[in-house]
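Structure first, then comments.
The values are calculated or read from the model by the stated rules, or taken from the named source; none is laboratory data. Treat the numbers as computed from the prediction; the structure is a model and nothing was measured. Positions of Cβ are generated from backbone atoms using ideal geometry, with glycine treated the same way; all protein chains shown enter the neighbour counts.
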């Protein structure tokens, strides 16, 4: 999958090729979002087009109303991994700016025509665009032919009689209901970032960890140990993840620490996505290093068992 951070980059890459484009913020890329994206992929395959996802690298509310920005389920790294796994060919992941916020809806459609050359545009029922959100799915359907595309508006997806939404998934993650959150996501809850330096304590204990910072505006599971899959440099690994402030040792900030099983390589500053499969246990403070190491061995054994068929 090719990733563009500017519309002009997308035009250069596409080089005139027609597309089927899915439009949306897609925070979390849950099963509702996936239905929209998959429809664009299917349309592209049927008509020998290029499948494109056009989204934003920051939440639009961060520009329009910063005080209303919700906790983010996803991030740019894990979003790219998810879309690549789905088979999207081009990801257009541009910053949402004041200029875009002020852009008339018709100008947004003209940009779609100029830069993405869509034959199909697929969105959800709540998609809006243009200054003061005057653009909506009805406008897409009404004006699409003027700009060379046919609009398809996906329906809201329901699960257990409830509409699948990012709001609902945020509450499930915060409550620690990983099973239900994964069901609504249609995949494992993912957390991506670049590997940062930690305290280098894990290596001394025989369990070296790759650490990711947890931002203030990121939706995250409660503290504890989890069995995880790790996507790194195009490969998938199994691992144990710990969310917390490592209470056995003092002075640690809350972070995500991942011991990648059967792996030994310097990966500092590498992009990494962690997929949460199952919770192993709650966070706890141990009486000392020996007790902690015994628990880590038990965690590894349990994680290997849980991940054996994944």
Would you be able to say whether some residue in region 222-231 is surrounded by 20 or more Cβ atoms within 10 Å (Cβ to Cβ) and either assigned to a loop (DSSP other than H, G, I, E, B) or not assigned by TED's automatic domain parsing to the domain that holds residue 272 (or both)? no
Within region 168-179, the count of residues that are in a loop (DSSP other than H, G, I, E, B) and in contact (Cβ under 8 Å) with a residue 60 or more places away in the chain comes to 1
Per the filter on region 116-133, residues assigned to a helix (DSSP H, G or I) and in contact with a strand residue (DSSP E or B) (Cβ under 8 Å, 6 or more places away or on another chain) are 116
Only unsatisfied item for residue 192, checking (1) outside any strand (DSSP E or B); (2) at pLDDT below 95, is (1)
> If you go through region 245-254 one residue at a time, do you hit one that is in contact with a strand residue (DSSP E or B) (Cβ under 8 Å, 6 or more places away or on another chain) and either more than 28 Å from residue 75 (Cα to Cα) or buried (at least 19 other Cβ atoms within 10 Å of the Cβ) (or both)?
Replying inline: yes
Problem set entry | Residue within region 152-167 that is in a helix (DSSP H, G or I), surrounded by 18 or more Cβ atoms within 10 Å (Cβ to Cβ) and in contact (Cβ under 8 Å) with a residue 24 or more places away in the chain present | yes
Filtering region 123-146 down to residues that are crowded, with 18+ Cβ neighbours inside 10 Å and either more than 19 Å from the chain's Cα centre (by Cα) or assigned by TED's automatic domain parsing to the domain that holds residue 279 (or both) yields 129, 130, 135, 136, 137, 139, 140, 144
Considering residues that are surrounded by 12 or more Cβ atoms within 10 Å (Cβ to Cβ) and over 25 Å from residue 30 (Cβ atoms), the number found within region 269-296 is 11
Filtering region 255-268 down to residues that are touching a residue at least 40 places away in the same chain (Cβ under 8 Å) and surrounded by 13 or more Cβ atoms within 10 Å (Cβ to Cβ) yields 255, 256, 257, 258, 259, 260, 261, 267
Just one listed residue, out of 170, 102, is touching a helix residue (DSSP H, G or I) at 6+ places or on another chain (Cβ under 6 Å) and at negative phi, and it is 102
